[in-house]
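Report on the following structure.
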Amino acid sequence: MPKRALHNYTVYILTNKKLGVLYTGMTGGLDDRLLRHRLGQGSKFTKKYNASK
């Protein structure tokens, strides 16, 4: 059986406190992904609802 490399992934939840919107995601690089969400480059959904907290 071939040897597999370990992959570390994180499940995260972002919210917009004002509207109560929740967004869930999964990533292998949490710091970079959260920064992209805060800059409005993470996803169309999070940009539309300003879910970055």
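The values are calculated or read from the model by the stated rules, or taken from the named source; none is laboratory data. A quick note: this is a predicted structure, and the numbers were derived from the prediction, not measured. A quick note on method: Cβ atoms are made from the backbone with ideal geometry, for glycine too, and the neighbour counts reach across all protein chains shown. Note: areas computed on protein heavy atoms with side chains; ligands, DNA, RNA excluded. Shrake-Rupley method; radii C 1.70, N 1.55, O 1.52, S 1.80 Å.
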Restricting attention to segment 8-53, and to residues there that are of a type in the set (D, E, K, R) and not in a helix (DSSP H, G or I), which single residue is most open to solvent (accessible area, probe 1.4 Å)? K18
Would you check if there is a residue in segment 21-29 being free of Cβ contacts under 8 Å to residues at least 12 places away in the same chain and of a type in the set (A, V, I, L, M)? no
